[in-house]
Amino acid sequence: MQKLLITGASGFLGWHLCQLAQQEWEVYGTYHTHVLAIPNIKIVKVNLTDFQELKGIFNDIKPDAVIHTAAQSQPNYCQLYPQESYTINVTTSCHIAGLCADNSLPLAFTSSDLVFDGLNPPYTEIDKVSPVNIYGEQKVQAEVGILKLYPQAAICRMPLMFGKQTPTAKSFIQQFIQILQDGKELSLFIDEFRTPVSANTAAKGLLLALAKVNGIIHLGGKERISRYDFGKILVEVLQLPSDKLKSCLQADVKMAAPRPKDVSLDSSKAFALGYQPLSVREELDIL
């Protein structure tokens, strides 16, 4: 079996990706702070921001392909600590692209729908990027840097993702479920729209992109949905108390990082390659 290196195996997406990829690859997963063990996966502790360490794992593992999911992906954190997040989100991503270019290794990089300002959705791969927060800016800088170093890389713009809790990470739905089970009010935006997918679907999309894509691809879901409407489906499917689910506006909630209103992705290019997200309801039924 060929070797696949997955950075950020302790992250929410990275963990799900490791589970799926091991069917076809000998998988090596990296982590930095959150120790984990995944059956049949070789887990490596590495500080990806240390170039010598990074180069060392490439030399030791000699991967046949790389999927780079490791990132500081909390927009509020990036807004407050731009230098620290730049190192992992931009510098490290470009270093990985350089190492893959040197060895002609297939590379898939996880970017974000937050590279857009939310004013002209749905967004295709050729639409102009215009991020409204530092996290989005860093993803744009990484995209540009990677493609300059290695035009054959697959730049995968990921949507909002959800799924079951992993040993070291959660998605946003775990918090929603907990709040409602505790009998507290859950207020969700009626004016923020995304094209969400499950982490499992996202992982399938990344493996597809790794094999078939050079350049930018969108891996969004098939439905444009507000956070509030997502909450309504969640409540129905999981039979949670619905009386505590309330609607609110983005403007009602003060956050460090500004949020775009509608970063729905047009992912028809990926659909044509065989990417097949289910509806939100179907995904939640499976969970």
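Taken over region 251-262, the criterion of being open to solvent by less than 20 Å² (accessible area, probe 1.4 Å) and farther than 22 Å from S85 by Cα is satisfied by D262 alone.
Per the conditions (1) under 30 Å from V253 (Cα atoms); (2) over 18 Å from the mean Cα position of the chain (by Cα); (3) among the hydroxyl-bearing types (S, T, Y), the sole criterion not satisfied by Y77 is (2). Do we find a residue being part of a helix (DSSP H, G or I), surrounded by fewer than 19 Cβ atoms within 10 Å (Cβ to Cβ) and at negative phi anywhere in region 70-77? Yes - at least one qualifying residue is present in region 70-77.
Taking the options S242, S247, name whichever one is open to solvent by 60 Å² or more (accessible area, probe 1.4 Å), in a loop (DSSP other than H, G, I, E, B) and touching a helix residue (DSSP H, G or I) at 6+ places or on another chain (Cβ under 8 Å). Walk me through how you get there before you give the answer.
Values: S247 fails: in a loop (DSSP other than H, G, I, E, B).
Matching residue, one of S242, S247: S242.
Which residue out of V44, V27, V66 is over 20 Å from the mean Cα position of the chain (by Cα) and β-branched (V, I, T)? So the residue among V44, V27, V66 that is over 20 Å from the mean Cα position of the chain (by Cα) and β-branched (V, I, T) is V44. Quick one: would you say T87 is polar (S, T, N, Q) and in a loop (DSSP other than H, G, I, E, B)? No; evaluated as a whole, the condition is false for this residue.
Suppose we keep only residues that are in a loop (DSSP other than H, G, I, E, B) and open to solvent by 10 Å² or more (accessible area, probe 1.4 Å) within region 96-117. Which one would you say is farthest from K3 (Cα to Cα)? Don't jump to the end; show me each part of the working.
Just the residues of region 96-117 that are in a loop (DSSP other than H, G, I, E, B), to begin with: 103-106, 116-117.
Those left that are additionally open to solvent by 10 Å² or more (accessible area, probe 1.4 Å): 103-106, 117.
Values: N103: 14, S104: 14, L105: 11, P106: 11, D117: 37 Å.
Here the residue is D117.
The values are calculated or read from the model by the stated rules, or taken from the named source; none is laboratory data. Keep in mind it's a predicted model, so treat the numbers as computed, not measured. Note that we place each Cβ from the backbone using ideal geometry, even for glycine, and neighbour counts take in every protein chain shown. Areas reflect the complete protein model, heavy atoms only, side chains present, ligands, DNA and RNA absent. Shrake-Rupley method; radii C 1.70, N 1.55, O 1.52, S 1.80 Å.
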